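Report on one structure; see the data block that follows.
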Amino acid sequence: MSPRRQIRRSEWEKSLNDVQISKADLNRLVMDYLVIEGYKDAAESYATETGISPQVDLESIANRMTVRSAIQRGDIEEAIGRVNELDPEILDTNPVLFFRLQQQRLIELIRTGKVAEALAFAAEELAPRGEEHPELLPELERTMALLVFDTPGIASVGGKSGSHSLPTYISDLLTPTQRLKTAGELNAAILASQSQGKDPKLLQLLRILTFGEHMLGTEGPGDVDFPRLDLSSATLKRSNALGDADSPSRSDAMVL
């Protein structure tokens with residue numbers, strides 16, 4: 001068995017520094033992130049500062065953020081209305097997404113204790129869609145399970161009023177994360193309708209980086225011991241198995 005290859009930190013850092021990346025490419029990455037994530041004012045300022053065009057109508061960013069804000073505060077009807085104003089085909093051509101929005105609306109009705117209205121809404125709006133798309137029935141059943149529990153406890157999930165009785169897979173529907181998930185799905189659909197990617201390119205690059213490190217590293221087929229990028233601190237961390245003749249007693253992290 002051949003010995004495992006080891007790359008010292010100084011050698012790895014030199015290889016990284018030898019890679020040439022243009023400032024224009026970096027500026028475009030930043031602009032793409034600002035546009036996709038909805039930072040309209042920042043994108044406008046960055047365009048002025050760098051001369052990089054956002055490639056989209058900045059008003060469309062504001063419209064997307066209005067829709068996302070509506071969902072995050074639980075106003076699903078306003079969100080649906082805003083989307084239909086932007087482009088009715090977004091929901092007309094995506095029945096699963098429309099179901100998700102209606103599911104979120106049902107959740108909001110249950111959250112506020114409007115049980116009779118929630119039952120009527122589920123029967124009139126969601127049940128027929130579940131019949132058309134059987135794969136969605138488990139989500140409808142999961143949402144309806146909220147009604148099995150005491151409504152005041154549901155309305156105050158996260159507080160002391162009986163919310164502990166909710167199984168996690170059901171109570172998750174009442175967390176802010178569920179609203180964020182629904183808002184993210186709708187935001188991605190709006191971006192797709194505008195011929196934009198649903199995720200920032202920077203995030204995609206980080207995924208590729210993580211995958212590449214795994215493939216090259218000791219846990220992957222590359223079986224190479226090399227310094228890894230710690231994303232939480234933007235530093236290179238050397239492996240415990242590696243020494244560095246240039247700095248044997250220094251910290252394991254080197255700022256990039």
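Tabulated values for the structure
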read-out	value
Rounded FRET efficiency, nearest 0.05, which uses the C-beta distance separating S233 from S22 and R0 of 41 Å	0.95
Sequence of V56, V83 once ranked by neighbouring C-beta atoms within 10 Å, starting from the fewest	V56, V83
Answer label for log10 I(q)/I(0) by the Debye sum over Cα atoms at q = 0.10, 0.14, 0.15, 0.17 Å⁻¹ (calculated), chosen among (i) -0.68, -1.02, -1.13, -1.36; (ii) -0.74, -1.00, -1.04, -1.16; (iii) -0.54, -0.96, -1.07, -1.29	(ii)
Computed over the chain: relative contact order in percent, which uses C-alpha pairs under 8 Å that are six or more apart	23
Gain in span if fully extended, V148 to L202, counting 0.36 nm per residue against the direct Cα distance	15.1 nm
Contour minus Cα-Cα distance for A62 and E135 (0.36 nm per residue)	22.9 nm
FRET efficiency estimate (nearest 0.05) - Cβ-Cβ, D92 to T50, R0 51 angstrom	0.85
Pairs beyond 32 Å (Cα-Cα), from K23/K237; K23/K181; K201/K237	K23/K181
Total charge dipole magnitude, the chain, about the Cα centre, Cβ charges on Lys, Arg, Asp, Glu only, Debye to nearest 20	940
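Bear in mind these aren't lab numbers, they're just calculated from the coordinates by the rules spelled out. Treat the numbers as computed from the prediction; the structure is a model and nothing was measured. FYI the Cβ positions are ideal-geometry reconstructions off the backbone, even for glycines, and counts take in every protein chain you see.
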